[in-house]
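Working notes for the structure below.
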Amino acid sequence: MIRTFSIVLLIALMSACSSSPVYHKVFMRGQVVGVDEDQVVFCIGEDSGASIGEEFVAYRYTYEDFDGDGEYYDTIEVGSVVVREIVNLHFAKGVISSGDVTKYDILSSK
């Protein structure tokens, strides 16, 4: 009985935390789905808690094969994007504020 109550309480707390501003600042992530010059469309929208003026860091996954010595995957910071418009629940538009952001890059809260 106590175990069941503890699990229910933990799930309730986790769902409450997921809607808090702290959760969005720490865990908000999305992918760039389109780039036209310095304009960017990405999948972090109203539903994720994005807000106009918010800045995201852009990362790119890299892969190298060291001539049979093994594979190496890494994530490198490539720039940043500032939200200019919330399109809908799932998408936003922004402008590249620094670096070289391309389609498929990952955006994460600063």
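Brief remarks on what is shown
- Count of residues meeting criterion [at pLDDT below 85 and either among the polar types (S, T, N, Q) or surrounded by 13 or more Cβ atoms within 10 Å (Cβ to Cβ) (or both)] in the stretch 45-63: 3
- Hits in the stretch 1-24 (condition: hydroxyl-bearing (Ser, Thr, Tyr) and modelled with pLDDT of 60 or more): 4
- Residue identified as surrounded by 11 or more Cβ atoms within 10 Å (Cβ to Cβ) and at pLDDT below 85 among 42, 27, 66: 27
- 1 or more residues without any contact (Cβ under 8 Å) to a residue 40 or more places away in the chain and of a type outside the set (A, V, I, L, M): qualifying strands (runs of 3 or more DSSP E) within the stretch 30-110: 55-65, 71-86, 92-99
The values are calculated or read from the model by the stated rules, or taken from the named source; none is laboratory data. Just so it is clear, the model here is predicted, and its values are computed rather than measured. Neighbour counts are summed over all protein chains in view; Cβ atoms, including those assigned to glycine, are modelled from backbone coordinates with ideal geometry.
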